[in-house]
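Visitor: Structure in structure tokens, see below.
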Amino acid sequence: MGSGVEKAVELEPRDPAHTEPAVDVRLLGPMAVSRKGSAAALPASRKVRALIGYLALAPHAVTRSRLCELLWDVPNDPRGELRWCLSKVRGLLDEPGKRRVQTRGDTIALDLSDCFVDVVEINRATQEGFASSSPERLRRLCGLFVGDFLDGLEIERNPQFNSWLIAERRRFRGCHTALLEHLSKTAPGDEPLEYLERWLQLAPFDLRVHETFLNTLGRSGLIREGEEHLATAVKLFEAEGLDARPIRNAWQAARTEATAAPAQPRISLPPSIALPADSGGEMTPDQARRASVAVMPFVERAAAASILGDAGANLALDVITRLAKLRSLFVIAQGTIVALHERGMSPQEAGRTLNVDYVVSGSLRRQGKRLTVSVELIETRTARIVWAEVFEHAVDDAFLVLDEIGNRIVASIASEIETVERNRAILKPPTSLDAWEALHRGFWHMYRFTRDDNDRARNFFEMSVRLDPTFARAHAGLSFTHWQNAFQGWGDRAQETEKAYAAAGQSLMIDDHDPAAHWAMGRALWLRGRQEQSIAEVERAVDLSPNFALAHYTLAFAQSQSGDPHAAIKASDHSRHLSPFDPLLFGMLAVRAMALLRLGRFEEAADWAVKAAARPNAHALIRAMAAFCLVMADRLEEARVIVASVRQTHPEYHIDDFMAAFRFEPKEVALFRKAAKRLGYT
């Protein structure tokens, strides 16, 4: 795609059951549309073609006002011009009995479900993961990259459209790079060299392509060619002020491996693989046991820039600072990011240059009294969008709004990365895990909240600690499993309490600035009955990282039973606001129910407790609490249904088991025992 060379690509329908789509739309390279193999004449208007490209990628229907703002620079009659453009789009895409241009109210969308659209196919394959696609499908996808997205379609005096266009072009270059990387490592025979050549042209400062190419040469015994490539690559990097040591190290490792192993069949090497000059980045971080992330400056759209000043850069700095305070990720410093941004690097290019696992990018736009912030979290190696969100707020105080949005962004990034790492770790053989992977394998089991899974989680946390005794978060995870054993009654409460306390203490000694260490200590102190010390430790976790959702939840947990119920409600709401899809969401909902119960608001308490019990990983304590709250709200039949589900999994469960877990005041203890008696749950 970087070379812009066009070549014929045979149409391959998405569904093998169909031999030919109704309409074939190509948006990579100059736009082309064909019907049943015959090229259709495109309207001369750039805005008609821009409208097709924008709507083809839109995830949902778009308002007319948004399209007018995007494509017209204060025209006399924007809606009239939009209607004219839509008439041309209908003439190109609609057929008798099939209206692909769909209008509902004030919104417009394209229904291209029966069409072949190159960028839609690429988006689908990227989200599914290239590993799940057949080699033949991947080759066809690679052939679709015949040029830039909507090549040559810039529109003068339309900064919003052009900004969107540039961002999409960069995104598809990232997809192309990720696809070439995958094919270069999986294709048979001499094919990898073709993909390596294209990858080098597209991303000359991507360390992975040089490492892959040098490893290929080393395995094939092509030492002289490897030396030549190394010399060329080092010269290119040093000319841009970049660190070439990782490339030298890669070649040294490849040569060592080549001399230790039998030579592989020789490959046919092209006469030269050119390394075109381009802008570069800075030194790649050596990240061994934490996922790494780079946060690019947020792009300020024209409407926002004049009012918010340097808000995009400031928001990125705020996110960087808060992510670093979580201490669970390797976060690239702002200076490095700004240097790459000033060189015009796209987020995906910067991520690959820095050799980080994830890249965050976004934009700001202000319309009237509303501020819109769009953000994406991209997995660098695959170019897959892990998470995307659009935050819209009324702007009374722009800085307060940005602070609130920053909170949401940081909590979401941390949560989504943890989910990806957790799911990846579960697929690896246990014997191959490093400390970071063992930690996330432990998280996967821990959040299932069963006795067996808790034991498995403990084993993985212990493995993580053995592999890296200085890993504070692994000790905190180990403390959590002992806390669960004590809280759930899965072990001797006194012994498990002391083990939870000891593991939390180890975590604190290793890293007193890790909020998870203070969080673990706060929970262990709660088990010991030290309410004030417990709250002080958890508040310390919040001070260290205001975005640490679990610390806010634990504050709510402690306050909901014997502290300030109003403070518990506030902390519970804030924890859910920061992490609305948290694995401990059932607990966040349940502590709100407990606080409402203490305030005598039984009907509300029952509603929130039922929500908690409905979560798929809610354990017996949560479901029993929901039943008791329903009784207090005089909803006895609903309570009996929940009690039946508890007895099905825990036949011997007793009200004393429930009361032993919590630390309620005598008034609430009496309420729960009365409810249990009404249910016959004594």
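Visitor: Beyond 24 Å, how much of the Cα-Cα pair distribution for the stretch 574-682 remains, as a whole percent? Walk me through the numbers before you get to the answer.
Guide: On the way: 928 of 5886 pairs.
Here the tail beyond 24 Å accounts for 16 percent of pairs.
Visitor: While we're looking at this one, here's another question. Report the full-extension gain for the segment GLU191 to ALA502: residue separation times 0.36 nm, less the Cα-Cα distance, to one decimal in nm. Working shown, then result.
Guide: Working: separation 311, 0.36 × 311 = 111.96 nm, distance 5.56 nm.
Gain on stretching GLU191 to ALA502: 106.4 nm.
Visitor: Sticking with this structure for a sec: Projecting each Cα onto the charge dipole of the chain (Lys/Arg +1, Asp/Glu -1 at the beta carbon, about the Cα centre), which of ILE642, VAL410, LEU599 comes out farthest on the positive side?
Guide: ILE642
Visitor: Given a cut-off of under 8 Å on Cα pairs at least six residues apart, what relative contact order in percent is computed for the stretch 528-682? Could you put the intermediate results ahead of the total?
Guide: Values: 202 pairs, mean separation 24.8, N = 155.
For the stretch 528-682, the relative contact order is 16 percent.
Visitor: Work out the charge dipole of the stretch 26-146 with +1 on the Cβ of Lys and Arg and -1 on the Cβ of Asp and Glu about the Cα centre, then indicate which of ALA41, LEU57, SER132 is farthest towards its positive end.
Guide: Result: ALA41, furthest along the dipole toward the positive end.
Visitor: Still on this structure: Which aspartates and glutamates does LYS185 reach when only Cα atoms under 16 Å apart count, and residues fewer than 8 places away in its own chain are ignored?
Guide: Cross-link targets: GLU136, GLU194, GLU197, ASP206, GLU211.
Visitor: When only Cα pairs under 8 Å and 6 or more residues apart are kept, what is the percent relative contact order across the stretch 23-166?
Guide: Working: 161 pairs, mean separation 51.3, N = 144.
RCO, the stretch 23-166: 36 percent.
Visitor: Among SER545, PHE487, GLY529, pick out the residue whose Cα is farthest towards the positive end of the charge dipole of the stretch 428-546, where Lys and Arg carry +1 and Asp and Glu carry -1 on C-beta, about the Cα centre.
Guide: PHE487
Visitor: To continue, here is another question. Quick query: amide H of MET31 versus all other amide H atoms, modeled in the peptide plane; which residues come in under 5 Å with a sequence gap of 5 or more or a different chain?
Guide: Excluding prolines and chain starts, which carry no amide H, the hits are ASP151.
Visitor: Moving to a separate point now. So, with +1 on the Cβ of K and R and -1 on the Cβ of D and E, and no other charges, what is the size of the charge dipole of the stretch 292-411 about its Cα centre, to the nearest 20 debye?
Guide: Values: 13 positive and 14 negative charges, 41 e Å.
So the magnitude is around 200 debye.
Visitor: Count charges around PHE557 for me, please; just the other residues with Cβ under 11 Å from its Cβ, Lys/Arg as +1, Asp/Glu as -1.
Guide: Details: positive: ARG523, ARG592, ARG663; negative: none.
Result for the local shell: +3.
Visitor: How charged is the neighbourhood of THR232? Take every other residue with its Cβ under 12 Å from the Cβ of THR232, and add Lys/Arg as +1 and Asp/Glu as -1. Let's see the in-between values first.
Guide: Working: positive: LYS235; negative: GLU225, GLU227, GLU228, GLU238.
Result for the neighbourhood of THR232: -3.
Visitor: Here's a follow-up. Just rank TRP483, TRP84, fewest to most, by other beta-carbon atoms within 10 angstrom. List each step's numbers first, then the result.
Guide: Details: TRP483 23, TRP84 13.
Arranged by neighbour count, lowest to highest, TRP483, TRP84 become TRP84, TRP483.
Visitor: Give me the percent relative contact order of the chain, please, defined on Cα pairs under 8 angstrom at least 6 residues apart. Walk me through the numbers on the way to the answer.
Guide: Working: 1097 pairs, mean separation 48.9, N = 682.
Relative contact order here is 7 percent.
Visitor: Give, in nm to one decimal, the length gained when the segment between ARG83 and GLU539 is fully stretched (0.36 nm per residue of separation minus the Cα-Cα distance). Mind dumping the intermediate values first?
Guide: Numbers: separation 456, 0.36 × 456 = 164.16 nm, distance 5.71 nm.
Full extension of this stretch gives 158.5 nm more.
Visitor: Per residue of the stretch 649-655, in order, report the coupling 6.51 cos²θ - 1.76 cosθ + 1.60 (Karplus, θ = phi - 60°) as ³J(HN,Hα) in whole Hz, putting x for Gly and Pro.
Guide: Per-residue couplings from phi come out as 9, 9, x, 9, 5, 9, 4 Hz.
Visitor: Fewest Cβ neighbours within 10 Å first, please rank THR353, THR470, THR382 accordingly. Walk me through the intermediate numbers first.
Guide: On the way: THR353 27, THR470 12, THR382 19.
In increasing order of surrounding Cβ atoms, one gets THR470, THR382, THR353.
Visitor: Compute log10 of I(q)/I(0) for the stretch 428-546 with the Debye formula, placing one identical point scatterer on every Cα and leaving out solvent, at q = 0.22 Å⁻¹, to two decimals.
Guide: For the requested q values the scattering log ratios are -1.20.
Visitor: Mind checking the log10 I(q)/I(0) for the stretch 292-411 at q = 0.10, 0.21 Å⁻¹? Debye, one equal scatterer per Cα, no solvent, two decimals.
Guide: Values returned for q = 0.10, 0.21 Å⁻¹ are -0.27, -1.19.
Visitor: Here is a further query. Could you list the square roots of 5 times each eigenvalue of the Cα gyration tensor of the chain, that is, the equivalent ellipsoid semi-axes, sorted largest first and rounded to whole Å?
Guide: Details: eigenvalues 483, 230, 116 Å².
Three semi-axes, in Å: 49, 34, 24.
Visitor: To the nearest 20 Debye, how big is the dipole of the chain about its Cα centre, given +1 on the beta carbon of each Lys and Arg and -1 on that of each Asp and Glu?
Guide: With Lys and Arg at +1 and Asp and Glu at -1, about 1440 debye.
Visitor: May I pose another question? Roughly how far apart, in whole Å, are the Cα centres of the stretch 465-534 and the stretch 179-258?
Guide: Result: 46 Å between the Cα centres.
Visitor: Can you give me the three principal axis dimensions of the stretch 341-435 from its C-alpha atoms, in Å, biggest first?
Guide: Its Cα atoms span 56, 30, 18 Å along the three principal axes.
Visitor: In the structure displayed, which of LYS88/LYS369; LYS36/LYS88; LYS47/LYS98; LYS499/LYS611; LYS499/LYS674 lie more than 29 Å apart, Cα to Cα?
Guide: Values: LYS88/LYS369 34 Å; LYS36/LYS88 19 Å; LYS47/LYS98 23 Å; LYS499/LYS611 32 Å; LYS499/LYS674 34 Å.
Violating the 29 Å Cα-Cα cut-off are LYS88/LYS369; LYS499/LYS611; LYS499/LYS674.
Visitor: Based on other C-beta atoms within 10 Å, arrange MET446, MET625, MET509 from fewest to most.
Guide: Details: MET446 23, MET625 26, MET509 12.
Fewest-to-most Cβ neighbours within 10 Å comes out as MET509, MET446, MET625.
Visitor: Further, regarding this structure: Is there a quick way to get the dipole size of the stretch 574-682? I mean about its Cα centre, with the Cβ of Lys and Arg at +1 and of Asp and Glu at -1; what is the value in debye to the nearest 20? Working shown, then result.
Guide: Details: 16 positive and 12 negative charges, 21 e Å.
My answer is approximately 100 debye.
Laboratory data are not the source of any read-out in this text; all were calculated from the coordinates shown. This one's a predicted model, so the numbers in the text were calculated from it and none came from an experiment. Counting neighbours? That spans all protein chains shown, and the Cβs are built from the backbone with ideal geometry, glycine included.
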